[in-house]
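Reviewing the structure listed below.
The values are calculated or read from the model by the stated rules, or taken from the named source; none is laboratory data. Keep in mind that this is a model prediction, so the values were computed, not measured. Cβ atoms come from the backbone with ideal geometry, glycine included; neighbour counts cover every protein chain shown.
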């Protein structure tokens, strides 16, 4: 599929391809040089999350523990 680069260096990814690859506003694309041109890879969506968006993903249901109470040694090994 042929697309045209604008004066600002932008190109438009056709809607059909965006839908097929799940590209939405904010999707990160990795542009890599390739023999005779370049490749564009859609970055894994899981890598695009902020720390705030990841809060609670582990499924932990216990009480909130302040950082100053955390001691990894308490949980390192239990016979």
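Residue by residue through segment 39-57, note down the ones that are part of a loop (DSSP other than H, G, I, E, B) and under 12 Å from the mean Cα position of the chain (by Cα). Don't jump to the end; show me each part of the working.
So the first thing to find is which residues in segment 39-57 are part of a loop (DSSP other than H, G, I, E, B), and the list is 43-44, 49-50, 55-57.
Hits for segment 39-57 are 43, 44, 49, 50.
For the structure I just gave you, tell me whether residue 42 is under 25 Å from residue 57 (Cα atoms) and either surrounded by fewer than 10 Cβ atoms within 10 Å (Cβ to Cβ) or touching a helix residue (DSSP H, G or I) at 6+ places or on another chain (Cβ under 8 Å) (or both). Don't jump to the end; show me each part of the working.
Numbers: under 25 Å from residue 57 (Cα atoms): yes; either surrounded by fewer than 10 Cβ atoms within 10 Å (Cβ to Cβ) or touching a helix residue (DSSP H, G or I) at 6+ places or on another chain (Cβ under 8 Å) (or both): yes.
Considered against the rule, which asks whether it is under 25 Å from residue 57 (Cα atoms) and either surrounded by fewer than 10 Cβ atoms within 10 Å (Cβ to Cβ) or touching a helix residue (DSSP H, G or I) at 6+ places or on another chain (Cβ under 8 Å) (or both), residue 42 comes out as yes.
Is it the case that some residue within segment 11-21 is modelled with pLDDT under 90 and in contact with a strand residue (DSSP E or B) (Cβ under 7 Å, 6 or more places away or on another chain)?
Among the residues of segment 11-21, at least one is modelled with pLDDT under 90 and in contact with a strand residue (DSSP E or B) (Cβ under 7 Å, 6 or more places away or on another chain), which makes the answer yes.
Name the pairs: first residue in segment 52-79 and modelled with pLDDT of 70 or more, second residue surrounded by 10 or more Cβ atoms within 10 Å (Cβ to Cβ) and part of a loop (DSSP other than H, G, I, E, B), Cβ to Cβ under 9 Å, at least 6 apart or on different chains?
Cβ pairs passing all conditions: 57/49.
Quick one: in segment 12-22, which of the residues that are loosely packed, with under 10 Cβ neighbours inside 10 Å and either over 19 Å from the mean Cα position of the chain (by Cα) or without any contact (Cβ under 8 Å) to a residue 12 or more places away in the chain (or both) is nearest to residue 42 (Cα to Cα)?
First pass over segment 12-22, keeping only residues loosely packed, with under 10 Cβ neighbours inside 10 Å: 15-16, 20, 22.
Adding the requirement that they be either over 19 Å from the mean Cα position of the chain (by Cα) or without any contact (Cβ under 8 Å) to a residue 12 or more places away in the chain (or both) leaves 15-16, 20.
On the way: 15: 15, 16: 15, 20: 11 Å.
In this case the residue turns out to be 20.
If you go through segment 27-38 one residue at a time, do you hit one that is in a loop (DSSP other than H, G, I, E, B), modelled with pLDDT of 75 or more and surrounded by fewer than 10 Cβ atoms within 10 Å (Cβ to Cβ)?
yes
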